[in-house]
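Since the structure comes first, as structure tokens, the remarks are kept for the end.
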Amino acid sequence: MEVFNTNEVQVPSEAKYDRKAELEAFDETKAGVKGLVDAGVTKVPRIFVQPSKSEDSTIHDSNKKFSFPIIDLEGIKEDPIKRKKIVQEVGHASETWGFFQVINHGIPNHVLDEMKDGVIRFFEQDTEVKKQWYTRDFTKEFMFNSNFDLFGAPVTNWRDTFSATVAPIPPNPQELPSVCRDILLEYTNQVMKLGDTLFELLSEAIGLEPNHFKDIGCAEGLMALGHYYPACPQPELTLGTSKHADNDFLTVLLQDNIGGLQVLHQNHWVDVPPTSGALVVNMGDILQLISNDKLKSVDHRVLANKVGPRVSLACFFMSNFVPTQRMYGPIKELISEHNPPKYRETTIKEFTTYFNNKGLDGTSTLLHFRL
Ligand code: OGA
Ligand code: NI
């Protein structure tokens with residue numbers, strides 16, 4: 001149907017097109033967004049087009065006003081005075097931004113570079129070979145697809161993703177693609193060590209014993225998501241990743257130097273500046289839940305870009321891969337008569353299932369668990 005976009009004519013709703021059929025056709029290519037770009041698309045197909053931004057009340061022009069927190073972990077193991085200062089910085093950033101970058105985190109630059117190259121190698125390998133990994137079977141140790149929530153989310157994102165579950169049960173190396181297998185295992189091994197440190201700092205920052213988060217299993221499970229954001233011919237019409245909060249305990253993100261990741265801070269979309277050698281750390285919803293809102297899981301998104309591809313590797317500390325019956329609710333030590341629990345207890349399985357079914361629809365997962 002032709003749409004005449006004048007002031008007098010009522011514009012027919014976008015929902016009129018057969019969205020489901022177009023999603024199915026896209027999914028069946030098994031080539032993702034990169035496949036469209038390789039085929040030479042010059043217009044963003046309508047499954048990717050964001051609804052008009054008129055209802056978006058956030059402000060977009062304000063990067064100068066805020067400086068995104070950056071924390072230097074140098075000396076954290078040896079110097080108790082430095083450590084105390086770092087704990088304070090981590091606490092402040094986590095309670096206000098929910099996000100910070102770390103430098104001198106112990107993972108060498110060459111490992112970071114090789115990890116980004118590994119993501120590129122996976123997505124830029126021969127399409128026919130890559131297609132063999134394409135699946136929506138969430139029980140697979142390694143999964144490649146475009147938009148995990150393709151059939152559930154209101155809009156499709158300009159992004160392809162692989163996910164690899166690496167802990168607590170180490171994957172069978174044969175189940176990982178050879179083009180990125182070694183670096184994925186090496187990098188995630190180092191992220192697990194950094195995770196131990198970060199969970200200690202976060203526990204201390206909110207007045208718990210340093211091992212508290214580790215003792216309740218927060219640092220045990222890890223899933224690595226490799227994202228590939230192809231160059232986009234009309235970046236103003238779509239997003240690389242829709243607004244969302246992460247559904248895990250904690251995320252450690254490696255991004256390249258292109259930029260596009262933004263965090264919602266005081267109702268402003270603030271850029272996370274690409275910083276050589278740095279890693280981005282953010283709290284997930286489950287950490288907010290168990291800290292009874294002390295640690296903030298903050299909404300973020302990724303803009304599409306004329307320049308690309310942009311790649312990132314997001315490591316999610318979460319433990320939905322082993323069927324544990326452990327209940328997670330606001331930690332007893334943090335609640336009192338004046339600070340009663342804000343959430344009901346839940347299992348990680350229940351939390352993740354709810355998130356996955358909902359997809360990145362712009363709504364809060366936590367709200368569903370709020371008392
Ligand atoms: C995510 C995410 C941001 C990025 O994986 O949840 O927010 O820069 N990724 O890819
Ligand atoms: Ni995220």
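How high is the relative contact order of region 64-369, given as a whole-number percent (alpha carbon pairs under 8 Å, six or more residues apart)?
That works out to 22 percent.
Let me check I've understood the local charge: for GLY284, count other residues with C-beta under 11 angstrom from its C-beta, Lys and Arg +1, Asp and Glu -1. What total comes out?
Computed value for this residue: -2.
For region 64-369, would you read off the P(r) tail past 35 Å as a percentage of all alpha carbon pairs?
Summing the P(r) of region 64-369 above 35 Å gives 14 percent of all pairs.
How do MET327, MET192 stack up against each other in accessible area, from largest to smallest, with a 1.4 angstrom probe?
MET327, MET192
Using each residue's phi in region 139-155, evaluate 6.51 cos²θ - 1.76 cosθ + 1.60 at θ = phi - 60° and report the 3J(HN,Hα) Karplus result to the nearest Hz, with x for Gly and Pro.
8, 6, 5, 10, 9, 10, 6, 10, 6, 4, 10, 3, 8, x, 6, x, 9
Can you give the longest stretch of the chain with no exposed loop site, where a site means GluC sites (Glu not before Pro) in a DSSP loop (not H, G, I, E or B) with at most 11 other C-beta atoms within 10 Å?
My reading of the result: 79-336 is the longest stretch.
In nm, what is the difference between 0.36 nm times the number of residues separating GLU333 and ASP137 and their Cα-Cα distance?
Contour length minus Cα-Cα distance gives 66.7 nm.
List residues of region 310-325, by number, whose backbone nitrogen lies under 20 Å from a label position 7 Å along Cα→C-beta of ASP196.
315-319
Rounding to the nearest 10 and keeping the result within 0 to 90°, find how far the Cα-based axis of helix 109-123 lies from the longest principal axis of the chain.
Relative to the chain, helix 109-123 is tipped by roughly 30 degrees.
Heads up, I need the accessible area for LYS140: 1.4 angstrom probe, whole protein in place, Å², nearest 10.
Number for this one is 100 Å².
With 5 Å bins from zero, work out the P(r) of region 269-361 over every alpha carbon pair and list the percent per bin.
For region 269-361, the pair-distance distribution reads 2, 10, 16, 20, 18, 13, 11, 6, 3, 1, 0.
Can you give me the relative contact order of region 120-187 as a percent, contacts being Cα pairs under 8 Å and 6 or more apart?
Relative contact order comes out at 29 percent.
Normalise the Cα radius of gyration of region 227-290 by 2.2 N^0.38 Å (N = residues in it) and let me know the number.
Ratio of Cα Rg to 2.2 N^0.38 Å: 1.24.
Sequence neighbours fewer than 8 away in the same chain don't count; with that in mind, list the lysines whose C-alpha is under 25 Å from LYS342.
Within reach: LYS214, LYS243, LYS294, LYS296, LYS332, LYS358.
In nm, to one decimal, how far is the modelled label at GLN266 from the one at THR347, with both set 7 Å along Cα→Cβ?
4.3 nm
The values are calculated or read from the model by the stated rules, or taken from the named source; none is laboratory data. Please read these numbers as outputs of a predicted model, since none were measured by experiment. Neighbour counts are summed over all protein chains in view; Cβ atoms, including those assigned to glycine, are modelled from backbone coordinates with ideal geometry. Heads up: the accessible areas ignore ligands, DNA and RNA and are worked out on the full protein's heavy atoms, side chains in. Shrake-Rupley method; radii C 1.70, N 1.55, O 1.52, S 1.80 Å.
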